[in-house]
Amino acid sequence: MHDHKLHSESSRPGQSAGEFTLPVTGMTCAACVSHVGNALRSVAGVESAEVSLATETATIRSNTPDALSADALLSAVRDAGYGVQTRTERASIGGMTCSACVSHVGNALRELPGVMRADVNLATETAEIEFVSGAVTRRYLRDAVTGAGYSLRSFEGDQDAETEYEEAKKRRKAELDDLKRRVILSLAVAVAIMVGMQYSSVSALENISPTAANYLFLVLAAPVQFWAGSRFYRGAWGAFKHRTSSMNTLVAIGTSTAFFYSAVATLFRPLFEDSVVFEAGGISGHATGTYFDVSASIIGLILLGRWLEARARSRTHEAIQALLGLTPNTAIVERDGTATNVPVDEIVHGDLIVLRPGDRVPVDGIVSAGAGELDESMLTGESVPAVKAVGDEVYAGTVNGTTSLRFSATRVGKETALAQIVRIVERAQASKAPVEHVVDRVTAYFVPAVLSVALVTFIVWLFAAPDPAFVNALLLTVAVLVVACPCALGLATPTAIMVAMGQAARRGLLIRNAEVLETARKVNLVVFDKTGTLTEGRPSVSTIKPAGVSEAELMSVAASAESLSEHPVADAVVRKAKEMGLALVESTDFQAVPGRGVEATVDGEKVLVGSAAFIADAGVGVAEAESAASELAGHGETVLVVARAGAFIGMIGTTDTIRSTSGDAIQELRSQGIRTVMLTGDNERTAEAVGSRLGIDEVIANVMPADKAAKVEELKAEGHVVAMVGDGINDAPALALADVGIAIGSGTDVAIESSDVTLTSSDPRGVSSAISISRTAMRTVRQNLFWAFFYNVALIPIAAGVLYPVFVNSEVPGALQPVLGHHGFLNPIAAAGAMALSSVSVVANSLRLGSIIKGDADGRPAGPPNPEPIPAPAS
């Protein structure tokens, strides 16, 4: 047998080396998560395995990925009683002429990570490929065949390319339809049996014997037990093989107890003729001495809960659906001078794409002809359209305005910015928050504890229950088994995480994982880098003060020296010189001193441009410039002093522009009880002026880029939970050291991997939004966990009969008898309904989180209409 391997670099785009993702089916509760994780961790070569109930995936990490067997992983999951979702594709292959060709194509396909089977037929020129869903795409299959020297002509039933999400949506619909059929059968049979048990009250039927009625009920209940309830038996058996248990174990034992007791009572009726029948929960008609209605009702209600839960959980995928829906199915591509409509997945690098007014951009590219405005709000959250001209980038999923554009495709398929965002969100949704690990440890002992409680319940009530003691003890045991709900515990955190991550992504906030989401709620101090974060990061020259030279000469010398620098101030000086029509001289011996200035040789003379301290440290007298520099700083300008051949020749004042939303961003953080700090390389006077304008609590000036990380470390040492906000490039060390690193930028240009949170727009208000989403999400998680724990802590004792002493000398009130019977014993059918409601309520509460987050975003005030100039940073 071919030993299939899973290679991390291809198991899922965007994953790190040694990491694989398997889509797992059949999980219903936190105990299932534990079982699948244990089964995978038992496979040789697996270092860790994290299983998510919300996304129904298992993320496996290995230090020896090349030696890891896919067959072993799949067998481990299946032996545990669960499944791995696979897909089968049938493709038409061209170029095969002999059996050797068949072997080549088959081997090329089987070598793809995740491919389990590849059957190639020379006569029909087809290949049937089975692979792990999500590990392989049609593009990978096509590339493998092409790489082997053959062609993959088409896929069976291939029209427009379907996304993995659409396939998953179809699977979810099929699962919902299957559950619906089982629910309808189960509840219909349960109602029919309940009604049928009243036959003795109908005079025409009163002569029918209980035995005959029970045989009919047995025939009706058997399909419910063994078809509708088959998933419980499969899950229980898989758990049993691994010497463990799950929620399926509880339901299987509980329903089997009621069903087989009733079956024995039916088939061996004479042995039970003298039994006094227990009327569970006030349900009449049990004169037959059987409880087929109990087993059928329990299965029906639990499946109904799962159906409702599955419907609700499908809504947690709405964010991914919305993102994937941004890409059109077809695009107009101009090839050899002819424009034709082609499927998006057939677009290749270099294709010339025509965008008509209102069209969605199909892939990333660079504008080659035309100009106009594009709506990028779906990716960046920016409501103002982005102006695009020749040479500018356009991104898949954005919408063209009222003009026509042509652009050349540069990134297609999984390479686009939109595809990267989808991958980030998918991975974030599947990640686990630290609190989930605590829940996992609790649920590992939960089911065994419930089984123990059920056993104790049966033994105690066998001797203590009112007559008929055996039947009472039996039904109390069933109630304990079916009322316990580890599902709610397992869903409490991941469903809230999924909704929060999705809502954040739709607002231009990419949160790396659930741990970051949990940590962000604790942030009490936010550190901002000034340039490019609170300001536009594009300073301009506002003042030119020459000394002994002309303005033109001063600007020419300064711009020539700064021409090799990548600093924003250098760009401002060079831009101004070009605007003045000045010719720049090529500089040599260029050297930049971060946070202070630059030195270079221009026309054979040494030129210095930077702060006054930088120039003075070089031995140049700047006393005459001090008063003028102080005056410019008082006006909010940052001063560049210029020296040539050891002599001062003038000053240049620069200003940056504050972002229109920076003031609101600071105020929003203050309203959340969070202190703000600004780090800048500017002198104290200029920095304080900026800080006071924005309302920042603390300003730390004269900070060199290399010292930012140390400042963050100092703030953390003072006991603060620190978020650092920067541009993600020169602030990388500080971002990495902060408790939460937040990169602000255009999203596609920012180094996403260097931060915990990435704002795809340049709006600093996203910082408060991220913290707000974190706090709201974790509050919802706490609510879910409280409900799940409270539910189990409260109802398991009630199911075990703890209320019996309350009603031992008095009857249960009539309104409560359908639930608590005559003695305070919980009706097993009511227990099943409560269990189903528990899971549904947790998921519903998580979905409510989306509305809360949306409401918070809609209520945000607009930023100030006019940007305000502020000092630029020192070069």
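Things worth noting here:
- Glu566 more than 49 Å from the chain's Cα centre (by Cα), outside any strand (DSSP E or B) and of a type in the set (D, E, K, R): no
- Residues considered: Asp682, Asp727, Asp707, Asp731. Of these, the only one that is within 19 Å of Ser768 (Cα to Cα), acidic (Asp, Glu) and either in contact with a Ser or Thr (Cβ under 9 Å, 6 or more places away or on another chain) or at pLDDT below 85 (or both) is Asp727.
- Of residues in the range 770-785 being more than 26 Å from Ala665 (Cβ to Cβ) and out of contact with any Ser or Thr (no Cβ under 8 Å at 6 or more places or on another chain), the one most open to solvent (accessible area, probe 1.4 Å): Arg782
- Residue that is surrounded by the most Cβ atoms within 10 Å (Cβ to Cβ), among those in the range 247-295 that are modelled with pLDDT of 70 or more and part of a loop (DSSP other than H, G, I, E, B): Tyr291
- Qualifying residue in the range 646-656 (condition: out of contact with any His (no Cβ under 9 Å at 6 or more places or on another chain) and closer than 22 Å to Ile742 by Cβ): yes
- Any hit, the range 600-609, residues being open to solvent by less than 20 Å² (accessible area, probe 1.4 Å), touching a Leu at 6+ places or on another chain (Cβ under 6 Å), assigned to a helix (DSSP H, G or I) and farther than 30 Å from Ser660 by Cβ: no
- Between Ile193, Ile184, the distinction of being closer than 22 Å to Val294 by Cβ, of a type in the set (A, V, I, L, M), modelled with pLDDT of 80 or more and under 36 Å from the mean Cα position of the chain (by Cα) belongs to Ile184 only.
- Residues of the range 320-331 that turn out to be at pLDDT below 75 and open to solvent by 10 Å² or more (accessible area, probe 1.4 Å), as a count: 4
- Filtered residue count, the range 633-679, keeping only those that are among the β-branched types (Val, Ile, Thr) and closer than 21 Å to Lys522 by Cβ: 4
- Residue identified as within 22 Å of Asp143 (Cβ to Cβ), modelled with pLDDT of 80 or more, under 35 Å from the mean Cα position of the chain (by Cα) and not hydrophobic (A, V, I, L, M, F, W, C) among Arg41, Arg87: Arg87
- Of all the criteria given as (1) closer than 29 Å to Gly681 by Cα; (2) touching a Cys at 6+ places or on another chain (Cβ under 8 Å), the one not satisfied by Val523 is (2).
- Answer residue from the range 433-489, given it is among the charged types (D, E, K, R) and touching a residue at least 40 places away in the same chain (Cβ under 8 Å) and is nearest to Ala30 (Cα to Cα) among those: Asp440
- Subset of the range 704-718 [under 30 Å from the mean Cα position of the chain (by Cα) and of a type in the set (Lys, Arg)]: Lys716
- Exactly one residue out of Ala552, Ala583 is more than 48 Å from the chain's Cα centre (by Cα) and modelled with pLDDT of 90 or more: that is Ala552.
- Considering only residues in the range 613-630 that are open to solvent by less than 30 Å² (accessible area, probe 1.4 Å) and out of contact with any helix residue (DSSP H, G or I) (no Cβ under 9 Å at 6 or more places or on another chain), the one that is nearest to Pro594 (Cα to Cα) turns out to be Phe614.
- Any hit, the range 798-806, residues being on the phi < 0 side of the Ramachandran plot, open to solvent by less than 10 Å² (accessible area, probe 1.4 Å) and hydroxyl-bearing (Ser, Thr, Tyr): no
- Residue match in the range 47-61 (condition: on the phi < 0 side of the Ramachandran plot, open to solvent by 50 Å² or more (accessible area, probe 1.4 Å), modelled with pLDDT of 80 or more and touching a Gly at 6+ places or on another chain (Cβ under 6 Å)): yes
- Glu334 satisfies every condition listed in (1) open to solvent by 40 Å² or more (accessible area, probe 1.4 Å); (2) within 15 Å of Ala419 (Cβ to Cβ) except (2).
- Across the range 631-670, the number of residues qualifying as open to solvent by 50 Å² or more (accessible area, probe 1.4 Å), in a helix (DSSP H, G or I) and over 19 Å from Ser540 (Cα atoms) comes to 2.
- Every residue from the range 497-517 that is among the aliphatic types (A, V, I, L, M) and out of contact with any Gly (no Cβ under 7 Å at 6 or more places or on another chain): Ile497, Met498, Ala500, Met501, Ala504, Ala505, Leu510, Ile511, Ala514, Val516, Leu517
- The range 671-691, residues that are in a helix (DSSP H, G or I) and closer than 20 Å to Val703 by Cβ: Glu684, Arg685, Thr686, Ala687, Glu688, Ala689, Val690, Gly691
- Residue match in the range 376-394 (condition: touching a Pro at 6+ places or on another chain (Cβ under 9 Å), touching a residue at least 12 places away in the same chain (Cβ under 8 Å) and assigned to a helix (DSSP H, G or I)): no
- Answer residue from the range 560-587, given it is without any contact (Cβ under 8 Å) to a residue 24 or more places away in the chain and open to solvent by less than 70 Å² (accessible area, probe 1.4 Å) and is farthest from Ser540 (Cα to Cα) among those: Gly581
The values are calculated or read from the model by the stated rules, or taken from the named source; none is laboratory data. Since we're looking at a predicted model, the values are computed, not measured. Backbone-built Cβ (ideal geometry, glycine too); neighbour counts: all protein chains shown. Please note that ligands, DNA and RNA were not included when accessible areas were found on the heavy atoms of the full protein model with its side chains. Shrake-Rupley method; radii C 1.70, N 1.55, O 1.52, S 1.80 Å.
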